[in-house]
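Worksheet: one structure, shown below.
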Amino acid sequence: MNRTDRLLAIVLELQGKGRQRAEDLARTFETSKRTIYRDIQALCESGVPVVSIPGLGYSLMEGYFLPPLSFSTSEATMLLLGSDLIAQYFDAQYREAALAAARKISSVLPQKLRAEVGYLQDNIIFVTPNAHGSLEEQGKLLLLRRAILDRRRVSFTYHQRTNPESGQNVVTPREADPYRLVSLYGIWNLVAYCHLRQDRRHFRLDRMEELQLCPDTFERPAELAEPPTPREAPRSIVVRVLFPAEVARWLRETPNYYMTSSEETAEGLLITLHVRHERDILQWLLSWGRQVRVLEPASLRQRLAEEARAMLRNAE
């Protein structure tokens, strides 16, 4: 990044994130603090009102905004395609907001650029599973967004499979402080502090019922200001599975989430997976029928055989 681009980027960073320390900016732009000091001085000399507070960092004077920005073809395309995708995933309120934002961006583009972006929009299509979701899911999203913004506790009943092999369902009443909404593979999850478990938990929206706002409010933990990091248990179980060579193409086309490596051998395609529990991949292995051979661990091989025998008994 050249200096001119970096100066503009620093202003955008301060405008978007508020106060930033020199070390924060240096880390963001992969340069030294000394360079950031010189850049801040250059911005001040050019008339940008940067406020410096020792020990706290830099910020822009309140009320200062950059003039309207211009977009390249790639930038405008990504913004408009992004609005198309967001419009599919969210409820009616945010779909309308995404479409309105797209219209505003499109309206200020030069005619030639607007035509190029429109052509790409017409020819790059996002097809997402269950994109708009049910009316019930949209209602949950709307309520949870409001709870996150207002820092309001929510209550609901939650369905949980305590024994995935038997399909046993346990329903428990919960109260939780909602922190984040995460869409993972088309499934919405709520990250929240569960008062029943006294810890942070992930809740699938499609397992939540009787969702309501509570009058109680909560303080959002300070560490949530940082980007989220996975807090899942380590995947300490190593699984090795052999598939015949003729199915290798289809395995690579739709790889399993837990796959870490694949290797072509004389006997076929050797797949290595790392899982937390053997049940994490039991259904996936069964879906391959006789095409799959579990090499290790022996306990998973035994579990697979037992499941196959149970299926055979049900078919009799």
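No value in this document is a laboratory result; all are computed from the given coordinates. Since the structure is predicted, the reported quantities are computational estimates derived from the model, not experimental observations. Note: ideal-geometry Cβ built from the backbone for every residue, glycine included; neighbour counts use all protein chains shown.
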Which of these, 171, 238, 182, has the largest mean-square fluctuation under a Gaussian network model of the chain (Cα springs below 10 Å)? 238
Extension gain (nm, one decimal) between residue 315 and residue 116, 0.36 nm per residue minus Cα-Cα: 65.9 nm
Placing each pseudo-label 7 Å from Cα in the direction of the beta carbon, residue 196 and residue 180 end up separated by a distance in nanometres of 2.3
Can you give me the angle between helix 33-45 and the longest principal axis of the chain, using Cα atoms only, in degrees from 0 to 90, rounded to the nearest 10? 40
For residue 104, which lysines qualify as cross-link partners when the Cα separation must be under 17 Å and same-chain residues fewer than eight apart are set aside? 112
Within the set 116, 263, 175, GNM on the chain using Cα springs under 10 Å gives the largest fluctuation to 263
Normalised by the residues of the chain, what does the relative contact order come to in percent, with Cα pairs under 8 Å and at least six apart? 9
Over the range 3-60, calculate the relative contact order: mean separation of alpha carbon pairs under 8 Å at least 6 apart, over the residue count, as a percent. 40
Options (i) 45, 27, 24; (ii) 32, 22, 19; (iii) 34, 25, 15 - which one matches semi-axes √(5λ) of the Cα gyration tensor in Å as calculated here: (i)
FRET efficiency (residue 2, residue 100; Cβ distance; R0 35 Å; to 0.05) is 0.50
Tilt relative to the chain, helix 298-315 - C-alpha long axis, 0 to 90 degrees, to 10: 70
So for the range 73-123, averaging the separation of alpha carbon pairs under 8 Å that are six or more residues apart and normalising by length, what relative contact order in percent results? 45
In nm, the gap between the two label points placed 7 Å beyond Cα toward Cβ at residue 263 and residue 276 is 2.8
Rounded to whole angstroms and listed largest first, the alpha-carbon spread of the range 3-60 along its three principal axes comes to 23, 23, 20
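Would you mind getting me the FRET efficiency between residue 253 and residue 217? Use the beta-carbon distance for r and R0 = 45 Å, nearest 0.05.
E(calc), rounded to 0.05, equals 0.40.
Working from the alpha-carbon coordinates of the range 237-315, get Rg over Rh, Rh being the Kirkwood radius.
Radius of gyration relative to Kirkwood radius: 0.96.
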